[in-house]
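Structure, as structure tokens:
The values are calculated or read from the model by the stated rules, or taken from the named source; none is laboratory data. Everything numeric in this text was worked out from a predicted model, so none of it was measured. With ideal geometry, Cβ positions are generated from the backbone for all residues, glycine too; neighbour counts draw on all protein chains shown. Each accessible area value is taken on the protein alone, full model and side chains, heavy atoms only, with ligands, DNA and RNA left out. Shrake-Rupley method; radii C 1.70, N 1.55, O 1.52, S 1.80 Å.
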Amino acid sequence: GVRINDEDYGEIEAYYKCVPEDRSKSDLIIVVDIPRHYDRSAEVFLDVELADALGHELQHSCETPEVMNVQIPVGEEKWVSPDTVWAHYGSEVETKGYVTGFFLRSLRHKKRGQEVDPYDIMEDYVVNAIYQKGIAKGLDPESLQPVIKELFKKWGVYMERLIDSANK
């Protein structure tokens, strides 16, 4: 779906609605929210976000039914407390989805002749997106900091595995 807004921002939302027992009944849902009057920078931003969202959701589509059957807080539920932030972002399925997205973004940069460290992308996302959004949702910054540290550590371990695998 495409939504047009007058707020001067762009956003991509992607969801993999999984039916683990019968993947033929699963759906990939993408919602592109674009400003009514956008410039070239919004187009570039949306292109990057769409590629990341697709990489993330396609990673989910490759997961086993056991991994996809785990219930995690989603939507606004994930912002209730630092524990729910961890339960969502620290879950196996989200760890694999996000880190795969960062790794693929780094590879896309490399194909364009730009060296971008996937750890830098990951750090920027964890610190600037999750931490700042948690604060904006009313979570205490000090109680969120240990979650962010652990999240970065867990995602870093998975990133190492991806890099090692790609280098073989």
Discussion item. What are the pairs with Cβ atoms under 6 angstrom where one residue, in segment 127-151, is touching a residue at least 24 places away in the same chain (Cβ under 8 Å) and the other, located anywhere, is open to solvent by 70 Å² or more (accessible area, probe 1.4 Å) and of a type in the set (A, V, I, L, M, F, W, C)? Sequence gap at least six, or different chains.
Written reply: 147/86
Worksheet entry | residue 95 in contact (Cβ under 8 Å) with a residue 60 or more places away in the chain, under 30 Å from residue 156 (Cβ atoms), among the polar types (S, T, N, Q) and part of a helix (DSSP H, G or I) | yes
Worksheet, complete the sentence: The correct count of residues that are farther than 18 Å from residue 148 by Cβ and either in contact (Cβ under 8 Å) with a residue 24 or more places away in the chain or not in a helix (DSSP H, G or I) (or both) in segment 77-92 is 1
Fill in: Given (1) open to solvent by less than 80 Å² (accessible area, probe 1.4 Å); (2) at pLDDT 85 or above; (3) part of a helix (DSSP H, G or I); (4) of a type in the set (A, V, I, L, M, F, W, C), index of the condition residue 72 fails
(3)
Worksheet item: Can you pull out the helices (runs of 4 or more DSSP H) entirely within segment 105-168 that have at least 2 residues that are open to solvent by less than 50 Å² (accessible area, probe 1.4 Å)?
Response: 118-124, 141-166
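Please specify each residue of segment 60-85 satisfying the condition of being charged (D, E, K, R) and under 21 Å from residue 29 (Cβ atoms). I'd like the intermediate steps shown before the answer.
Here is the first cut: in segment 60-85, the residues charged (D, E, K, R) are 63, 66, 76-78, 83.
Selection gives 63, 76, 77, 78.
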Worksheet item: From the list 66, 92, which one is open to solvent by 20 Å² or more (accessible area, probe 1.4 Å), under 14 Å from the mean Cα position of the chain (by Cα) and acidic (Asp, Glu)?
Response: 92
Fill in: Complete set of residues in segment 107-155 that are at pLDDT below 90 and of a type in the set (Ser, Thr, Tyr)
125
Worksheet entry | Filter result (of a type outside the set (Phe, Trp, Tyr) and either under 21 Å from residue 56 (Cβ atoms) or surrounded by 13 or more Cβ atoms within 10 Å (Cβ to Cβ) (or both)) within segment 6-23 | 10, 11, 12, 13, 14, 17, 18, 19, 20, 23
Discussion item. When you scan segment 41-48, do you find a residue that is loosely packed, with under 13 Cβ neighbours inside 10 Å, polar (S, T, N, Q), part of a helix (DSSP H, G or I) and over 18 Å from the mean Cα position of the chain (by Cα), even just one?
Written reply: yes
